[in-house]
Every structure is written in structure tokens, then in C-alpha cells.
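The values are calculated or read from the model by the stated rules, or taken from the named source; none is laboratory data. Being a predicted model, the structure only gives us computed values, none of them experimental. No Cβ is skipped: glycine too gets one built from the backbone with ideal geometry, and neighbour counts run over all protein chains shown. Calculation scope for accessible area: heavy atoms of the full protein, side chains included, ligands and nucleic acids excluded. Shrake-Rupley method; radii C 1.70, N 1.55, O 1.52, S 1.80 Å.
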Amino acid sequence: MKATDILFCIFNYHEAANAEFLYHELRPSFHCHIIDADSGQRPDPCNGDTVYLPNVYYSGMMHHAITMATEGNYPYMFFICSDVQMSHDCLEQLKHILLSESFEGVGVYSPAHADDSYTWVATSYSRPNGKRRSVAFAEGMLGMYAAPVYQQLEPLDINPHGWGIDLVACFYARHWGLRCEVDDRMTITHPKGDVRKNALARSEARAYLMRYPEGIAIRCYWVACSLRNASIQLFILPRSYRKWLSIFLPIYRFFHR
């Protein structure tokens, strides 16, 4: 894939240092922007590549990224939330993979999660096979979406917190015969989010999903993904989820080699 095929967008909400680290790692190789949601006006450290917005929440940042990717006719848009931790080596490997491998037929692509990372999707945790593998769903704290996928996510105005956007992306990718992939050759770390917004975010997501003609099918897909991942739910709910994952993941990997 060519470097000009991908637009990188870093969604920043009060994590400026990491957002700037990601930007400076990626910008020499790809077109890259920081989309900043209400972190405060200050001189742009990224050569004019920072877009300053009010607090438009996750979906507002996604909307802006989609607009830029669509107007630029990018075949792929890769977004990263600024609380996602990626090492220099991981980013170097990601750049090499994107520039040297084919992504024809891929609708959604994401690195795997490290053992101390938070995701409710058990299939997103890394496996020792060291390759790209197809999955039913990849959670949306980062990922690369093909143009038909990211353009399908609009409109986003009734879903500020953004739950379900990743579900829609994966549903339509698979519905159209495109692959959703997780890559075990690199891992990211994501902290556990604020669970106090769960009820509101879930309500917004239900309304958002029902905007689609396939809304019932998407909600059934959500239930199916939840049931498939039910084995991990008890391990991520407690505050000590990292401790429980250290026990659970070796058992999980034994049965999913």
C-alpha cells in the first residue's frame, strides 16, 4: 500500500503529550493530523496539522476525521485515540506493515492488545501466532477503516459518546465481504475508561444503530459479539481486571491457538 493511501487522525482529549508523540512518529511517513477536542488553545507543535475543536466528544472527532478523509479521497483512514499507548518499535513495525503488505479486501484492521490492556473483546488480545487474523469485531479505540466503511458511519450527531460506531464498521465490512483483522505482530495498551457513562452511552448507541435499515441485524450482531465474549466479562469488570486477565488469558489462548 502507498503512504498516500492512508490518512492518520489522532483523537486527542487531554492527552497532548502522547498525541504529539504519535504524530511525530507517524508524520514523516504518512499524512497525519491531531484532532484536538477542547484541550485548550496553545501554539500548535505540529506544523499546522492540529485541528482545534470544542469538546465534540468521540463522535465529533470521528466526524471531522471522516470529513477530511472523504474530501482527500483517501482509500483508508487510520484513527488512534490519544490514550492508546504504542511504543516506538510497535509504530515502526506498523509503518513497515502498512507500506509493504496488501490490504485489498480488508475493511477494518487493528493491532492486537497487550495482556495489561483493556478491551471487552477477547479476540483482540494478542496470540502467539504472529500474523494477521480475521475477527468478528475490533473495538474502536484505534483502527484502520476502508473508505466504504468509514463513510458508512455518518451521521453521528445523535451518538456523542460513540458506542456502536466500531460495531457498525465491522458489521458492514463483513456484510460487504471485507475482512476485519487483528494483527498479532504488535500490541497496544489501552486503559480502562470511565464506566459512569455506560447507561447514557448505551442508550445513544441503540438510537444510532436503529438509524440503519439493517438496525435490527446490527443489534443482533452486537448481542452475538457479547455472547461470544461472555467468558471475559467477569474478568474485566473489577478494578483489578489486569490481575484477573493474567490468570484468564493463558487459559483462553490454550483453547484458541
Just give me the residues in the stretch 125-150 being in a loop (DSSP other than H, G, I, E, B) and under 17 Å from VAL106 (Cα atoms), in sequence order. LYS131, VAL135, ALA136, PHE137, ALA138, GLU139, GLY140
So which residues in the stretch 169-221 are over 25 Å from ALA114 (Cα atoms), within 17 Å of the chain's Cα centre (by Cα) and among the hydroxyl-bearing types (Ser, Thr, Tyr)? TYR172
Got at least one residue in the stretch 2-17 being aromatic (Phe, Trp, Tyr) and open to solvent by 30 Å² or more (accessible area, probe 1.4 Å)? yes
How many residues, within the stretch 19-54, are in contact (Cβ under 8 Å) with a residue 24 or more places away in the chain, closer than 18 Å to GLU71 by Cβ and open to solvent by 40 Å² or more (accessible area, probe 1.4 Å)? 2
Of all residues making up the stretch 49-83, the number that are under 16 Å from SER39 (Cβ atoms) and among the aliphatic types (A, V, I, L, M): 5
Please verify whether the stretch 47-56 includes one or more residues that are small (Gly, Ala, Ser) and over 19 Å from GLU154 (Cα atoms). yes
Matching option when the condition is open to solvent by less than 10 Å² (accessible area, probe 1.4 Å), in contact (Cβ under 8 Å) with a residue 60 or more places away in the chain and either assigned to a loop (DSSP other than H, G, I, E, B) or under 15 Å from LEU209 (Cα atoms) (or both), among LEU153, LEU167: LEU153
Note: among SER59, SER29, just one is of a type in the set (S, T, N, Q), at pLDDT 95 or above and in contact with a Pro (Cβ under 6 Å, 6 or more places away or on another chain), namely SER59
Take the residues in the stretch 93-112 that are within 15 Å of PRO28 (Cβ to Cβ) and not hydrophobic (A, V, I, L, M, F, W, C), then tell me which one is surrounded by the fewest Cβ atoms within 10 Å (Cβ to Cβ). HIS96
Taking SER82 as the residue in question, decide whether it is within 27 Å of TYR241 (Cβ to Cβ), crowded, with 22+ Cβ neighbours inside 10 Å, touching a residue at least 60 places away in the same chain (Cβ under 8 Å) and in contact with a helix residue (DSSP H, G or I) (Cβ under 6 Å, 6 or more places away or on another chain). yes
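Matching residues to (1) among the acidic types (Asp, Glu); (2) within 25 Å of ILE35 (Cα to Cα); (3) modelled with pLDDT of 95 or more:
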site: MET86; (1), (2), (3): no, yes, yes
site: CYS90; (1), (2), (3): no, yes, yes
site: ILE97; (1), (2), (3): no, yes, yes
site: SER102; (1), (2), (3): no, no, yes
site: TYR109; (1), (2), (3): no, yes, yes
site: SER126; (1), (2), (3): no, no, no
site: ASN129; (1), (2), (3): no, no, no
site: TYR145; (1), (2), (3): no, yes, yes
Quick test for you: out of ALA207, ALA199, ALA169, pick the one residue that is out of contact with any Lys or Arg (no Cβ under 8 Å at 6 or more places or on another chain) and closer than 30 Å to ASN129 by Cα. ALA169
Quick check on the stretch 170-183: of everything there that is of a type in the set (A, V, I, L, M, F, W, C) and open to solvent by less than 20 Å² (accessible area, probe 1.4 Å), which residue is nearest to ILE80 (Cα to Cα)? VAL182
If we scan the stretch 113-130, do we find a residue that is open to solvent by less than 10 Å² (accessible area, probe 1.4 Å) and more than 30 Å from ASN55 (Cβ to Cβ)? yes
